[in-house]
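Asker: Mind having a look at this structure? Questions to follow.
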Amino acid sequence: MALRSQQPVAQRAAGLMPSRAISHKQVKVRQRRGHIWAVIFQLALFSGIIALGALLYNIVNQSFGYVAIINEIDPAELAVDGVPLNELPKDTLTRILETNISKGLMRRYENDMPFTERSRENVHELILERVVEPQVAATWSLADSIFARTRVFEEAKEKYPDSHVYFRSWLTTNFVSKAQSSEPLRAGVRTAIFGSLWVVAITILFSFPIGVGAAIYLEEYAHKERFLNRLIQTNINNLAGVPSIIYGMLGLAIFVRMLEVFTSGSFLDGGGDTTANGRTIISAGLTLGLLILPLIIINGQEAIRAVPHSLRQAGFGLGATHWQVIWHHVLPGAMPGVLTGTILAVSRAIGETAPLIVVGASTFIAVDPNGPFSKFTVLPIQIYQWTSRPQDEFRNLAAAAILVLLILLLSLNASAVLLRNRFNRNQANA
Amino acid sequence: MAGAGQGDTTVPGGGPPLDLRRKPRLAETIIQGFLFLCGAISILTTLGIVLVLGRESLLFFANEEVDLLKFFGGTEWQPAIGRFGIWPLVTATFMASLIAMAVALPMGLCIAIYLSEYAGHRARSILKPILEVLAGIPTVVYGYFALTFMTPLLRVIFGRDLVEIYNTASAGIVIGILVIPLVSSMSEDALSAVPNSLRQASYGLGATRLETAVRIVVPAALSGVAAAFIVAISRAIGETMIVAIAAGAGPNFTFSPFRAAETMTGHIVRISGGDLSYDSIDYNSIFAIGLLLFLITLSLNILSQWIVRRFREEYE
Amino acid sequence: MSIAIERPLRTEEGPNAASQNGMNRYAIEVGAMNVFYGDFCAVRDVSMQAPTNKITAIIGPSGCGKSTVLRCFNRMNDLISSVRIEGKVLFQGQNIYDVSVDPVEVRRRIGMVFQKPNPFPKTIYENVAWGTRINGFKGDMDELVERALRAAALWDEVKDKLQQSALGLSGGQQQRLCIARAIAVEPEIILMDEPASALDPIATLRIEDLMKELSEQYTIIVVTHNMQQAARVSDYTAFFNVDDNRTGYLIEFDDTEKIFTNPSQKSTEDYITGRFG
Ligand SMILES: Nc1ncnc2c1ncn2[C@@H]1O[C@H](COP(=O)(O)OP(=O)(O)OP(=O)(O)O)[C@@H](O)[C@H]1O
Ligand SMILES: [Mg+2]
């Protein structure tokens, strides 16, 4: 009121603002625009979710479906006295094997493991592998197999008349438990899973203590004013953004080449092993360790920072030393956060592919790794190799391997959540 | 302490004064030293990267087959016949990143605006974990997705003649999907940091929710959003497996997104995945490419951090 | 004992040092102490003596640096990296800011109870036992825990749930647990920073009674906002105020009775009677 009387110039209706009717219309237009954009924002979000859905659908779609198989010998022909192959006793099976494969091959099997010691299933498998010799002629996706079943069968009949078609899950217990093989029907990911576990074990052993140690140093000991400490902090933030492939090159130059004596394990047996080079599990593990170190440090710092200051004061007030306070109060309080961060980082390490290709994962390896100085392959590399093959059946294998990888990651994350809840409960109860 | 001797004599009334002198605590010192070393390893890592990339690059440029001018000027990368022009790799890299950004920036920003300005608490608590899942999927899986889903899709849409089996468009789009969670979560953090008083002021003047979000909140958080964009670009440039699987295996100087081309990262992976003999020119060349890649991503990251720092100062 | 010869020499240097019967009259003697946070001078020119086995209260308006001064008495300020302290703080004749002095030793002798109860997220038993264990106690822990809890007037309330989490106690019980924890390590001095400000009147009274009991064996220095509390429990009172630069300084230090009945400074009277601007 007072304002108006003092400044008569600032009239309420100077005619500058639009009239009431126009402004009402404008508000309507503006509101409509608002609604349209609200829908657009939502659409963006849903397309993100759809992308996730498409990705998962695509993988499941390729992991199951009909396959057309052409056998060298029809298993039905191998039936003896009307008893089908898969019900025959072991000695009959051994005889069938003997009559159908060369003497040399038979001797080699005998040498690997005497037939008297082999199980019936094992002999049966050998027959399927060497006598029946199934080959994949074509594969179909899950969607086709469900919604275009008749077309699938027609197509199979037309193009591969002497094939038989059956529904196959590429992800089987066999797939998980068998070693790598160039035969898609017999290939498995056991070697790759063991490789992944070994590599990740080394990664954790290396990066967890060092990462947590660095986080403690930066949060508890480092004077922020010191140049060196600020340098370390900025440096860690920058390292977190370095492309993973660069770490691969670092690993190649340092662990594989420079420290070859150690990473090849030849320092253990006096360098007598000529095939040993640095492309081993330990090189891979250390490379990934360096890669996830910044993530563990940054997460650890956050967790440590979240521990209430009053706890530290209470500890110090009782005459505890700095380390006693850290060990007894700060670390237990920060542990859930530290563990969650570590598991996230380890998930990243399990999925990393590029740096391990550079470090030199083996392309084909059918023997389980037996220590840190073994050659190795890991699940993502296996996926990459199968994906790069042009044949469809390898795409199916890749999809199945992806499922294994995703399940592995999922269970890891679930265990992180469980672990954290357990930790929190214990803390509260204690 | 609770024991007789000290407890009785030090009660005021006249015991010997306490010995407050510093005692050597060897364990503490050792632990602190160890912790410092843990922190210092990060410095060693950076030093290692710089030295390794620098050394091998020097060896590469010292080779008589290589010419610095041709390296930065040439449009042909054919190590077999001694042609080392970086441009085919760089154009492919930037094309894939450009396509990725065309997907990720609008989508990521829209998602961020939705989450920060529109979504309720419950919706947010469901949607954010979904985006986190998207961010947690290994890149090799995205590569598989690009090759077996995105490429066929593009070929259906644009025609099989136009779109090659390996192409930068498919890889770029999938990289875009990969970095959406990064853009959206960083941008959302920036948007949520805008004080509520600004929003209230805007509503008080009769602005709609959209106007408030787009004209007030986003500009106020602009530096944070920009930082998110830059980090996303850096991430896209450094992305490897998607391009290695879906973009093509062979340097190709082209500007068509539907043709096969090889990016810097893709090239490094392909060369080092083969039989690589140390100290060959191939071996050195990937380090030179790596150095370039490192410098590009590092400067982008530093730029984004600088922007974030300025942004913080504005609000304190 | 060389130390015995050394001590009287030192105490004679102290401002009002008196060695009656060869013992320290003062548990803490502060001489010309200035405290800075970075460039900001939080407290200037403090000189006072807290007599042994008495309760000394520190009062003053908010932000005048009471907590800051209190934290200086057991080097708790060392935890804040920007802090700089000038002047001297003598504890039994030794300057605790001497370079040769170990802050850990100081804090072990001079315990502290904080404004907000801050028990460790551990069992009640462990809360009391921890401090003594890290200081190397190897005797009968059960007995020690019981003694400390009894001294803190908490034993009867918690004796059946020693193995339960301390976080399950009420605020007042938690604060007494913190006191039990502090006296378990048998310090010479207990510093208390508004120990009852987060508690209801009944719990506050219990803490006050406890302080009185404890003062027979311990020197207590307590910061409080509560004028009645200071009048009720303390033997001596220090009144702080802030100047225009927001720097705190000591206005006067005297018998509590004198401060509350006949203060020598006008501002003290204003503050105590609530006429403070
Ligand atoms: N950690 C710190 N860093 C910088 N300045 C501080 C810090 N702690 C306290 N100060 C400043 O020192 C001055 C005194 O603070 P102090 O906490 O000692 O006051 P106080 O008398 O205890 O107040 P209150 O009665 O509210 O607890 C204040 O101006 C405060 O802003
Ligand atoms: Mg205070």
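Asker: Quickly run through segment C:182-198 and pick out the residues that are more than 16 Å from ligand 2 (Cβ to nearest atom) and not in a strand (DSSP E or B).
Answerer: Once the filter is applied, which keeps residues that are more than 16 Å from ligand 2 (Cβ to nearest atom) and not in a strand (DSSP E or B), segment C:182-198 yields C:A182, C:I183, C:A184, C:V185, C:E186, C:P187, C:E188.
Asker: Does C:L214 satisfy the condition of being surrounded by fewer than 22 Cβ atoms within 10 Å (Cβ to Cβ), away from ligand 2 (no atom under 16 Å from the Cβ) and within 14 Å of another protein chain (Cβ to nearest Cβ)? Outline the logic, then answer.
Answerer: Values: surrounded by fewer than 22 Cβ atoms within 10 Å (Cβ to Cβ): yes; away from ligand 2 (no atom under 16 Å from the Cβ): yes; within 14 Å of another protein chain (Cβ to nearest Cβ): yes.
In short, yes.
Asker: Restricting attention to segment A:232-247, which residues are more than 7 Å from chain B (Cβ to nearest Cβ) and either over 30 Å from the mean Cα position of the chain (by Cα) or farther than 16 Å from B:I237 by Cα (or both)?
Answerer: Answer for segment A:232-247, where residues must be more than 7 Å from chain B (Cβ to nearest Cβ) and either over 30 Å from the mean Cα position of the chain (by Cα) or farther than 16 Å from B:I237 by Cα (or both): A:Q233, A:T234.
Asker: For segment B:58-114, which positions are open to solvent by 10 Å² or more (accessible area, probe 1.4 Å) and of a type in the set (S, T, Y)?
Answerer: B:T75, B:T91, B:Y114
Asker: Test A:I326 against the criterion of being open to solvent by less than 20 Å² (accessible area, probe 1.4 Å) and more than 7 Å from every other protein chain (Cβ to nearest Cβ), and give yes or no.
Answerer: Answer is yes for this residue.
Asker: Suppose the filter is in contact with a Phe, Trp or Tyr (Cβ under 7 Å, 6 or more places away or on another chain), within 16 Å of ligand 1 (Cβ to nearest atom), in contact (Cβ under 8 Å) with a residue 24 or more places away in the chain and of a type in the set (A, V, I, L, M); does C:L191 pass it? Quick ask: steps written out before the conclusion?
Answerer: Numbers: in contact with a Phe, Trp or Tyr (Cβ under 7 Å, 6 or more places away or on another chain): yes; within 16 Å of ligand 1 (Cβ to nearest atom): yes; in contact (Cβ under 8 Å) with a residue 24 or more places away in the chain: yes; of a type in the set (A, V, I, L, M): yes.
Against the criterion (in contact with a Phe, Trp or Tyr (Cβ under 7 Å, 6 or more places away or on another chain), within 16 Å of ligand 1 (Cβ to nearest atom), in contact (Cβ under 8 Å) with a residue 24 or more places away in the chain and of a type in the set (A, V, I, L, M)), C:L191 qualifies.
Asker: Let me ask something else about it. Among the candidates B:L153, B:L147, B:L162, single out the residue that is on the phi < 0 side of the Ramachandran plot, in a loop (DSSP other than H, G, I, E, B) and more than 20 Å from the chain's Cα centre (by Cα).
Answerer: Working: B:L153 fails: in a loop (DSSP other than H, G, I, E, B); B:L147 fails: in a loop (DSSP other than H, G, I, E, B).
Being on the phi < 0 side of the Ramachandran plot, in a loop (DSSP other than H, G, I, E, B) and more than 20 Å from the chain's Cα centre (by Cα) holds for just one of B:L153, B:L147, B:L162, which is B:L162.
Asker: Now, a different point. Which residue is nearest to the other protein chains (Cβ to nearest Cβ), if the candidates are limited to segment C:46-78 and must be near ligand 1 (Cβ under 9 Å from one of its atoms) and assigned to a helix (DSSP H, G or I)? Steps first, please.
Answerer: The first filter runs over segment C:46-78 and keeps only residues near ligand 1 (Cβ under 9 Å from one of its atoms), leaving C:58, C:60-71, C:77.
Adding the requirement that they be assigned to a helix (DSSP H, G or I) leaves C:66-71, C:77.
Working: C:K66: 16, C:S67: 11, C:T68: 14, C:V69: 16, C:L70: 11, C:R71: 9, C:N77: 11 Å.
Looking at residues that are near ligand 1 (Cβ under 9 Å from one of its atoms) and assigned to a helix (DSSP H, G or I), I get C:R71.
Asker: Further question on the same structure: Only helices (runs of 4 or more DSSP H) wholly contained in segment B:222-316 count here; list those with 2 or more residues that are farther than 30 Å from B:F145 by Cβ.
Answerer: Hits in segment B:222-316: B:222-238, B:281-315.
Matching residues to (1) part of a helix (DSSP H, G or I); (2) assigned by TED's automatic domain parsing to the domain that holds A:I350; (3) modelled with pLDDT under 90; (4) touching an Asp or Glu at 6+ places or on another chain (Cβ under 6 Å):
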| position | (1), (2), (3), (4) |
| --- | --- |
| A:P184 | no, no, yes, yes |
| A:F206 | yes, yes, no, no |
| A:V212 | yes, yes, no, no |
| A:E219 | yes, yes, no, no |
| A:N229 | yes, yes, yes, no |
| A:I236 | yes, yes, no, no |
| A:L250 | yes, yes, no, no |
| A:A253 | yes, yes, no, no |
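Asker: May I pose another question? Please list, ordered by first then second residue, the pairs with beta carbon atoms under 7 Å, 6 or more apart or interchain, first in segment C:92-113 and on the phi > 0 side of the Ramachandran plot and assigned to a loop (DSSP other than H, G, I, E, B), second among the small types (G, A, S) and open to solvent by 30 Å² or more (accessible area, probe 1.4 Å).
Answerer: none
Asker: Check segment C:127-139 and report whether any residue there is aliphatic (A, V, I, L, M), at the interface with chain A (Cβ under 9 Å from one of its Cβ atoms) and either open to solvent by 40 Å² or more (accessible area, probe 1.4 Å) or assigned to a helix (DSSP H, G or I) (or both).
Answerer: Yes: one or more hits.
Asker: Here's a follow-up. For segment C:75-90, give me each residue that is within 16 Å of ligand 2 (Cβ to nearest atom) and more than 21 Å from C:Y249 (Cβ to Cβ). Quick ask: steps written out before the conclusion?
Answerer: First, pick out the residues of segment C:75-90 that are within 16 Å of ligand 2 (Cβ to nearest atom): C:76-77, C:79-80, C:83.
Hit for segment C:75-90 is C:L79, nothing else.
Asker: Looking at segment C:156-171, which of its residues are surrounded by 17 or more Cβ atoms within 10 Å (Cβ to Cβ), of a type outside the set (V, I, T) and in contact with a Leu (Cβ under 7 Å, 6 or more places away or on another chain)?
Answerer: C:A166, C:L169
Asker: When the residues of segment C:79-90 are narrowed to those that are out of contact with any His (no Cβ under 8 Å at 6 or more places or on another chain) and within 14 Å of chain A (Cβ to nearest Cβ), which ends up farthest from ligand 1 (Cβ to nearest atom)?
Answerer: Going through the qualifying residues, I end up with C:R84.
Asker: Within the bounds of segment A:368-383, is there any residue that is open to solvent by 10 Å² or more (accessible area, probe 1.4 Å) and within 28 Å of A:S169 (Cβ to Cβ)?
Answerer: So far as segment A:368-383 goes, yes, one or more of its residues are open to solvent by 10 Å² or more (accessible area, probe 1.4 Å) and within 28 Å of A:S169 (Cβ to Cβ).
Asker: Among the residues of segment B:33-81, which ones are touching a residue at least 40 places away in the same chain (Cβ under 8 Å) and in a loop (DSSP other than H, G, I, E, B)?
Answerer: Answer for segment B:33-81, where residues must be touching a residue at least 40 places away in the same chain (Cβ under 8 Å) and in a loop (DSSP other than H, G, I, E, B): B:N63, B:E65, B:V66, B:T75, B:E76.
The values are calculated or read from the model by the stated rules, or taken from the named source; none is laboratory data. These numbers were taken from a predicted model, which means no experiment stands behind them. FYI the Cβ positions are ideal-geometry reconstructions off the backbone, even for glycines, and counts take in every protein chain you see. Surface accessibility is based on the protein's heavy atoms, side chains included, excluding ligands, DNA and RNA. Shrake-Rupley method; radii C 1.70, N 1.55, O 1.52, S 1.80 Å.
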